[in-house]
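Structure first, commentary second.
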Amino acid sequence: MTVPNEKSTLIVSYVGMKPQEVKVVSKGLFKVVLEDDTKQLEEVVVVGYGQQKKASVVGAITQTTGKVLERAAGISDIGAALTGNLPGVITTQSSGMPGEEEPKITIRGTSSWNNSDPLVLVDGIERPMSSVDIASVQSLAVLKDASATAVYGVKGANGVILVTTKRGKKGVNREVNFNSYIGLNVPHMMPLQSGEEYVQFRRDGYRYAHGWDTPFTDEDVFTQSELDMIKNGNYTDWQDLLYRNALTQSYHLSISNSGEKTRLLLSFKYDKEQGYYKTNDAENYNLTLTADHDLADFWTLGTTVRLKRNNISGFQKINNEILYMTPLSDPYLENGDLNYFPNPLNTSGYNPLANDVPGQFADDAQSNLLNLNLTSHIKINKWLSMHTNFGYIFSDYKRGYFYGKDSYKGKGVKTNSGKEYNNYDQWTLNHIITYDNSFGDHNLVVDLVGEMQSRRYDKGTLSGDNQPVEYTSYHNLGSNTENIKIGSSFENWALASVLGRLRYNYKNKYYFNIAFRTDGSSRLAKGNQWAVFPSGGVSWSMKDESFMQNVNWINSLKLRVSYGTVGNTAISPYQTLASLSQYAYLFGEDSSNKFYVYSPTSIVNLDLGWEISKTVNAGVDFGLFNNKLNGYVEYYNTKTSDLLMKRTIPSFTGFNDIW
């Protein structure tokens, strides 16, 4: 190693170790011994309603960082970035349409008949995963077993994902960061016959039908338009006409600043993603502002405001219809107009390029999301603290669609147009009091939590057929003359919870957790709305025992066992109420001469209560060979009882099923 002069200083560092500085005094060998960095080795893990050292965790929890998630270049969705990063977490996406839907996330498989979506908490407040851009994530933890998730009661039945976002840091003065990404997504197409292969396939088919030795010419097999295409060698690649290589762009700018008592972080992110269909595009705008202010040495206030807008231009799924379009089907007429029935052998096969004609197709959606978090943290004394979280979310979604008469859906018959809207607002308030005290070899933490949550949801749809003026697209639905439909719905539900939890450890070797949570849900029948969910666990840090001190190749070894129960109310509101449906009766031949009656369509189950899942979990955490090999082995067994599902009942009752 060559250094500028003998007054130089070498800095030697390694992950998990304290950096060492060595002054260069002469030529020769240097022996540097690095010491363990206790702060790094005692990694802090985000758990339910708080944090604790990784060594003291008794449940099944895995954690990753925002930097790891951002390595998935070109992925702006947190759920998609989780794929392959966390064991026990499975993500699936049924549509390749950008911006259309969040990936389906399951933790340790499907645990409920109705809904297996995990609870997602962003900075302690329930939020959609899509409400946070991936560049704002500081860390992400997944609680998998019941002892870890039971502190969330009914909401933690399918596992819990805790997202901690970036905030302004003390001592950081005017820091600016900018990141960008541009990429190209290339679709993997189904291998279809080439033009030459298809021509030979048709010839062989003719020989098979009329005898292999029967003489024939191409005029016996193909139509005149097909013969012209064969002669010119101008075959049609329908996949190339319908699909494209999709360009993806992402830009993220963040500005942070801190003063003596105030810390600020402002970030903006813009994503633009093309779909594989040429009519499909998506744009995302994310604006985030976080602020923390120390009112006093013992009192800190914080706020987070997030604004998100998502614009999507959709498409109509072609599915298997493209298989009816052969390489000998010319998509365009001689004058350049679209050939709506290009396959001479299948006159019902409509041209899938019909939606590309200007004015014939539109499917536009826009969603706006507002997230507001307010926090207060008061350090009452050395052992006692009080933390309050208030979160509010408002979501507005609207969609307009139009299929012209000559569109792929219209097929030359009539138009179809409509609008959809849905919006919801939700608020959450939780209050946490924590007692944390150490005395001698003992450490005791007691948490008391109270939480309330409420949500309102409003939805409406309007649609109709045969719009006389196509130019107005979906902006003049009142001009539709056929099949006019209007629908709307409303939901409102509430949840109240109380939690008590005790965490104890002795000599940082023996750990014990126990918690009791009670939840009350408005979705269930009266008399069954409240339930209690206990949980607990123990762990033993074997490596800290005297008999393990000479086993140098083992750096950490911990055994843990836990048990817990969680509840689930994965049903829509008002399922405990009887419902009526409207029926129309027609008199005479005049379609307007009708009257309406109502009849029951569901019956009430007055015993409808909680779906309960009980989980036993055992695990071993280890670090070997100077922590070069780290991992864990888990065993778990979950049993779910009192499933919330519809049961079929005899039709002579007048009904088909009951919850």
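Quick look at the numbers
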{"item": "Near pairs, Cβ below 6 angstrom, 6+ apart or cross-chain, from the range 157-186 (under 26 Å from Asp117 (Cβ atoms)) to any residue that is outside any loop (DSSP other than H, G, I, E, B) and open to solvent by 70 Å² or more (accessible area, probe 1.4 Å)", "result": "Thr164/Gln138; Thr165/Gln138; Lys166/Gln138"}
{"item": "Qualifying residue in the range 240-247 (condition: surrounded by 15 or more Cβ atoms within 10 Å (Cβ to Cβ), touching a Ser or Thr at 6+ places or on another chain (Cβ under 8 Å), of a type outside the set (A, V, I, L, M) and part of a strand (DSSP E or B))", "result": "no"}
{"item": "Positions within the range 287-323 being surrounded by fewer than 16 Cβ atoms within 10 Å (Cβ to Cβ), more than 30 Å from Phe390 (Cβ to Cβ) and among the hydrophobic types (A, V, I, L, M, F, W, C), in sequence order", "result": "Leu323"}
{"item": "Every residue from the range 243-300 that is closer than 30 Å to Pro358 by Cα and among the charged types (D, E, K, R)", "result": "Arg244, Asp271, Lys272, Glu273, Lys278, Asp281, Glu283"}
{"item": "Criterion (closer than 30 Å to Pro98 by Cα and free of Cβ contacts under 8 Å to residues at least 12 places away in the same chain) met by exactly one of Tyr340, Tyr332", "result": "Tyr332"}
{"item": "Residue, nearest to Thr223 (Cα to Cα), within the range 171-208, restricted to residues that are hydrophobic (A, V, I, L, M, F, W, C) and open to solvent by 70 Å² or more (accessible area, probe 1.4 Å)", "result": "Phe201"}
{"item": "Residue list for the range 379-399, restricted to those being surrounded by 15 or more Cβ atoms within 10 Å (Cβ to Cβ) and basic (Lys, Arg)", "result": "Lys379, Lys398, Arg399"}
{"item": "Residue that is most open to solvent (accessible area, probe 1.4 Å), among those in the range 534-589 that are of a type in the set (Gly, Ala, Ser), modelled with pLDDT of 85 or more and assigned to a strand (DSSP E or B)", "result": "Ser556"}
{"item": "Boolean, Phe595 is modelled with pLDDT of 85 or more and open to solvent by 70 Å² or more (accessible area, probe 1.4 Å)", "result": "no"}
{"item": "Hey, Gly168 open to solvent by less than 20 Å² (accessible area, probe 1.4 Å), of a type outside the set (A, V, I, L, M) and modelled with pLDDT of 75 or more or not", "result": "yes"}
{"item": "Checking Leu606 against (1) open to solvent by 60 Å² or more (accessible area, probe 1.4 Å); (2) farther than 22 Å from Lys526 by Cβ; (3) touching a residue at least 24 places away in the same chain (Cβ under 8 Å), the condition it does not meet", "result": "(2)"}
{"item": "Criterion violated by Tyr511 - all others in (1) aromatic (Phe, Trp, Tyr); (2) closer than 30 Å to His442 by Cα; (3) open to solvent by 60 Å² or more (accessible area, probe 1.4 Å) satisfied", "result": "(3)"}
{"item": "Meets criteria (open to solvent by 10 Å² or more (accessible area, probe 1.4 Å) and at pLDDT 75 or above) for Gln93", "result": "no"}
{"item": "Filter result (open to solvent by 60 Å² or more (accessible area, probe 1.4 Å), closer than 30 Å to Phe390 by Cβ and charged (D, E, K, R)) within the range 412-471", "result": "Asp436, Arg455, Arg456, Lys459"}
{"item": "Breaking point among (1) under 28 Å from the mean Cα position of the chain (by Cα); (2) among the hydrophobic types (A, V, I, L, M, F, W, C); (3) open to solvent by 40 Å² or more (accessible area, probe 1.4 Å), for Leu265", "result": "(3)"}
{"item": "Condition broken by Tyr636, with the remaining ones in (1) at pLDDT 85 or above; (2) open to solvent by less than 90 Å² (accessible area, probe 1.4 Å) satisfied", "result": "(2)"}
{"item": "Within the range 302-329, tally of residues that are at pLDDT 80 or above, polar (S, T, N, Q) and touching a strand residue (DSSP E or B) at 6+ places or on another chain (Cβ under 9 Å)", "result": "5"}
{"item": "The range 514-533 - residue that is out of contact with any helix residue (DSSP H, G or I) (no Cβ under 7 Å at 6 or more places or on another chain) and not in a loop (DSSP other than H, G, I, E, B) and, of those, farthest from Tyr574 (Cα to Cα)", "result": "Ile514"}
{"item": "Residues (open to solvent by less than 80 Å² (accessible area, probe 1.4 Å), more than 33 Å from the chain's Cα centre (by Cα) and of a type in the set (Asp, Glu)) located in the range 324-367", "result": "Asp330"}
{"item": "Options Asn179, Asn232; residue that is within 33 Å of the chain's Cα centre (by Cα) and of a type outside the set (Lys, Arg)", "result": "Asn179"}
{"item": "Leading residue by the ranking (farthest from Val132 (Cα to Cα)) among those in the range 268-286 that are among the basic types (Lys, Arg) and open to solvent by 20 Å² or more (accessible area, probe 1.4 Å)", "result": "Lys278"}
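The values are calculated or read from the model by the stated rules, or taken from the named source; none is laboratory data. A quick note: this is a predicted structure, and the numbers were derived from the prediction, not measured. Here the Cβ is made from the backbone with ideal geometry for all residues, glycine too, and neighbour counts use every protein chain on show. Accessible surface is based on the protein model in full, side chains and every heavy atom, while ligands, DNA and RNA are left aside. Shrake-Rupley method; radii C 1.70, N 1.55, O 1.52, S 1.80 Å.
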